[in-house]
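We did not get these values from a lab; they are worked out from the coordinates using the rules stated. Everything quoted here is computed from the prediction, not taken from an experiment. Methodologically, a virtual Cβ is constructed for each residue, glycine included, from the backbone with ideal geometry; neighbour enumeration extends over all protein chains shown.
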Amino acid sequence: MLAPPIALSESAHALLQLPLLDVWRASELAVSRATTCSTGHPALDAELPNKGWPRSTLVEILLRQAGIGEMQLLKPALVTLSQNLRIALVQPPYIPQAMACQTWGIDTSRLLWIRAKSTGDALWTTEQILKNGSCGAVILWQSNVRTESLRRLNLAAQTTDTWFWLMRPMASACDSSPAPLRLGLRPDFGGVSVEIIKRRGPRSDAPLFVPLADMPAGRHPLDKENATVVEDIPATVTARDSASLLA
């Protein structure tokens with residue numbers, strides 16, 4: 001015998017109408033108690049869970065090629081973190097320029113440049129830095145990283161209060177990764193085009209343009225974009241004028 005339906009009181013019905021703050025829906029950006037650091041780019045912050053770079057986790061930045069603006073993208077966060085924390089650069093493709101870092105406002109006394117002899121040494125060094133918490137941020141450049149190594153790095157990042165970015169080629173976008181946040185970068189006029197490959201939230205279909213003011217390809221004001229037009233005097237006129245002066 002079926003029991004009659006239970007009638008809900010007005011107070012119970014009102015509770016059901018309240019939003020469930022602790023329930024995450026896949027159609028919404030995840031909101032948690034995790035600590036984040038603003039990217040310094042409002043348009044990008046609006047597309048990331050908790051409005052910034054997450055701490056204590058692996059963040060992958062996939063590049064079309066090195067040197068297209070990835071450090072410019074991280075510059076606001078690095079400037080903020082370097083005020084009180086050390087930043088480790090592991091296996092960067094180019095030698096870090098101290099003068100450029102000082103111009104950006106990064107405290108170079110807290111900047112560490114680590115160049116390992118092999119991929120294995122670079123991965124081991126990064127894992128140890130993450131485990132002991134000696135740096136507030138770590139940036140690692142690697143071309144070929146196995147999934148097992150990615151898991152180890154992600155687990156090591158979860159045990160400490162460190163921001164961790166991994167720079168990899170764009171071809172790695174098809175590979176599986178434990179990183180909760182994966183961004184793809186492509187060069188664009190006056191900035192970079194950011195494709196959100198993976199995040200805790202709805203899928204992002206369209207790439208996001210992030211302007212970078214210090215990029216060499218940045219657009220100049222219209223009145224300074226073209227050189228001043230200089231009209232050359234025809235040779236015949238110059239010769240005639242010279243002859244009249246000698247006469």
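Things worth noting here:
- Whole-angstrom gap from the range 71-113 to the range 117-189, using each part's C-alpha centre: 17 Å
- Flagged links, alpha-carbon separation over 25 Å, of Lys117/Lys198; Lys75/Lys117; Lys51/Lys198: Lys117/Lys198; Lys75/Lys117
- Note that the range 33-47 has calculated 3J(HN,Hα) couplings of 8, 5, 7, 10, 10, 4, 6, x, 10, x, 5, 6, 4, 5, 9 Hz, one per residue in order, obtained from phi through the Karplus relation 6.51 cos²θ - 1.76 cosθ + 1.60 (θ = phi - 60°); glycine and proline are x.
- Cβ-based net charge around Trp165, under 9 Å, with every Lys or Arg adding one and every Asp or Glu removing one: -2
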